[in-house]
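Working notes for the structure below.
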Amino acid sequence: MGVVTRSQAKRGCRSHQSDGEEPPPRGGRGVGGADLISLLPDEILGSIISLLPTEQGARTQILSSRWRHLWRSAPLNLEDGVRRINEAVVSRILAEHQGVARRFSVSPFIIDNDSDKLDRWLRSPILDKLQELNFSFYAITWPSPPMPHSALRFSSLRVAEFGSCEFPDDAAHQVHFPNLQHLALGSVTISEDSLRAMLAGCPALEKFVFSYMDDREYLPEPLPPSALHLSSTLRYAEFACCQFPKPMACQVHLPNLQQLVLETVAISEGSLHAMLSGCPALNNLLLGFSSGFRQFRINSLKLKHVEMYFHRSDADRLQKLIIENAPCLERLDYRGPYGDVINISIISAPKLKILGRLTDNISRLKLGTTVFKGLHDARMATVMRTVTVLALRLDNLRLDVIFNFMKCFPCMEKLYIKTHIARKNTQRYYSQDRFECLDHHLKKLWIGYYSGERSHVAFAKFFVLNASVLESLVLNVHPCKGVSGRWVKNQRRQLQIEKKASIGAQIDFTCDDGFSYLCDI
């Protein structure tokens, strides 16, 4: 595309006005008053419109007569994520649009479990070169409505997401998606042979999601064996609400898989370790509400991020976590229910930066040769200078616990602590030691639920008066407590903010209900 000069822009503006058209919209005017956006070629304007949501793209017709024909010929992204899209609107757009469609996404509210209606839409000629297809029927319907055969006719697809439908067995062996990169099957009824044939017809697959509906009253659905017969091109795999048969995971070999998500799955300890061994390039692992393994041992040369969380009701949840050899591990986030007694041992993780959320109910925490017993009784031996972010969930705010961690992690920059709403703590802990962390590194401290009582004030005041480079102190009050201006003023007085060690430190009181320290990071 050539450069539009100011003189060309002025001539273009005058020529439009001389043909009886209205002046360009004020919002698009550039230097000299010209509507430089409207001077762009139709192909570029059409691409811009195609990036907008369906409703906003259609409304560009009101900008000027220059834009009126663009919407009807621009690449179409049709999705019902706005309130004005209904069955009649979808039918009209498909009948009147003059361009090709890139994306077609409809929810159960539009389809209303009408497979024939969806079939008529999918046979529309403007969808012939469709790149993204997303539809789902109501999940509570049984048996699931049949997937229309027309949903499998798009060899141009790059993204396909199907939900709560029954796959047509007579069409499975005809499936060929040479360009498909993302496939998601959510509560899809599909035979073993059909799933194997479908995956075989997706040679370029990079992302695969397979899930059933979460129903805690029953055992998870068994995962079809062919669900793990995936292309070597796969980079992301997610399995949810299913049960892994024991011998199946041992056959997994995904040499390029980088991210694995196991959400509410039942998998044995042996199968879990075998599956990870078959993914040598894995760098992100998420285990959410999963069960069947009491011990988890990590030996991975590429793994960078590990995130794990469990329900209180998971009777057979993890009891021992061992990071044996993880030379690239940077983030370890373990979130068990409060009161969870677990044994965590980090033997070798030389690049670990983020560690959380540790609770004082941990039976044993071993960091190299440093051993914490319940976080209170520590035998210091190892210093881990790589850790810069620490998250704790403590029964009560205790400085002796924090002192131990500041000795173990002298370069800690961010400390997140969540405690209970109100508990008295009459113990006092003082240290004559100087902490490198306080003098040179600690920049943020987040405390929730801060009660404003004497023990909490004393804890927070210690950091106000001693953290030399502190930039932010966030005192998160439980939403049920309520915070008044008078209360905040009194708290700031008790914290002796006028004597703070860091001149630039910002002290804020919030009422957020949560502890999502990873989002902050």
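All other residues with a Cβ under 13 Å from the Cβ of THR189 taken together, and with Lys, Arg as +1 and Asp, Glu as -1, what is their net charge? Write out the running numbers ahead of the final one.
Numbers: positive: none; negative: GLU166, ASP169, GLU192, GLU221.
Cβ neighbours under 13 Å give a net charge of -4.
Using a 1.4 angstrom probe on heavy atoms only, work out the carbon and sulfur share of the accessible area of segment 202-261 in %.
Details: 1540 of 3000 Å².
Carbon and sulfur together cover 51 percent of it.
Report the label-to-label distance for ALA88 and ASP119 in nanometres (one decimal), using points 7 Å from each Cα along the Cα→Cβ vector.
Modelled inter-label distance: 2.6 nm.
If you take the charge dipole of segment 285-365 about its Cα centre, with +1 on Lys and Arg Cβ and -1 on Asp and Glu Cβ, which of PHE296, CYS328, ILE347 is farthest toward its positive end?
CYS328
How about segment 249-315: which trypsin sites (Lys or Arg not before Pro) there lie in a loop by DSSP and see at most 15 other Cβ atoms within 10 Å? Can you show the working numbers first?
Numbers: sites: ARG294, ARG297, LYS302, LYS304, ARG312; in loops: ARG294, LYS302, LYS304, ARG312.
Those satisfying the criteria are ARG294, LYS302, ARG312.
Roughly how many Å² is the accessible area per residue of segment 247-364, as a whole number, for a 1.4 Å probe?
37 Å²
Whole-Hz ³J(HN,Hα) for each residue in segment 444-460, computed from phi via Karplus 6.51 cos²θ - 1.76 cosθ + 1.60 with θ = phi - 60°, x for glycine and proline: what do you get?
9, 10, 10, 10, x, 8, 6, 9, x, 6, 4, 5, 5, 4, 4, 5, 5
Take the solvent-accessible surface of the protein heavy atoms, probe 1.4 Å, and return the percent of it on segment 282-385 that carbon and sulfur atoms account for. All intermediate terms of the calculation are to be shown ahead of the outcome.
Details: 1990 of 4180 Å².
Of all accessible area on segment 282-385, carbon and sulfur atoms account for 48 percent.
Out of the trypsin sites (Lys or Arg not before Pro) in segment 95-198, which ones are loop residues according to DSSP with at most 15 other C-beta atoms within 10 Å?
On the way: sites: ARG102, ARG103, LYS117, ARG120, ARG123, LYS129, ARG153, ARG158, ARG196; in loops: ARG123, LYS129, ARG153, ARG158.
Listed in order of number, the matching sites are ARG123, LYS129.
Dipole of segment 277-373, Cα-centred, from +1 at each Lys and Arg C-beta and -1 at each Asp and Glu C-beta, to the nearest 20 debye?
Taking the Cα centre of segment 277-373 as origin, the dipole is about 180 debye.
Amide H neighbours of GLN243 under 5 Å, counting only residues 5+ apart in sequence or on other chains, H built in-plane at 1.01 Å?
Placed amide hydrogens put GLU221, LEU223, ALA266 under 5 Å from GLN243.
Taking the full set of protein chains and a 1.4 angstrom probe, give the accessible area of HIS173 in square angstrom, rounded to the nearest 10.
150 Å²
The values are calculated or read from the model by the stated rules, or taken from the named source; none is laboratory data. Bear in mind the structure is a predicted one, so any value in this text is a computation, not a measurement. Positions of Cβ are generated from backbone atoms using ideal geometry, with glycine treated the same way; all protein chains shown enter the neighbour counts. These area figures cover heavy atoms from the full protein model, side chains too; ligands, DNA and RNA do not enter into them. Shrake-Rupley method; radii C 1.70, N 1.55, O 1.52, S 1.80 Å.
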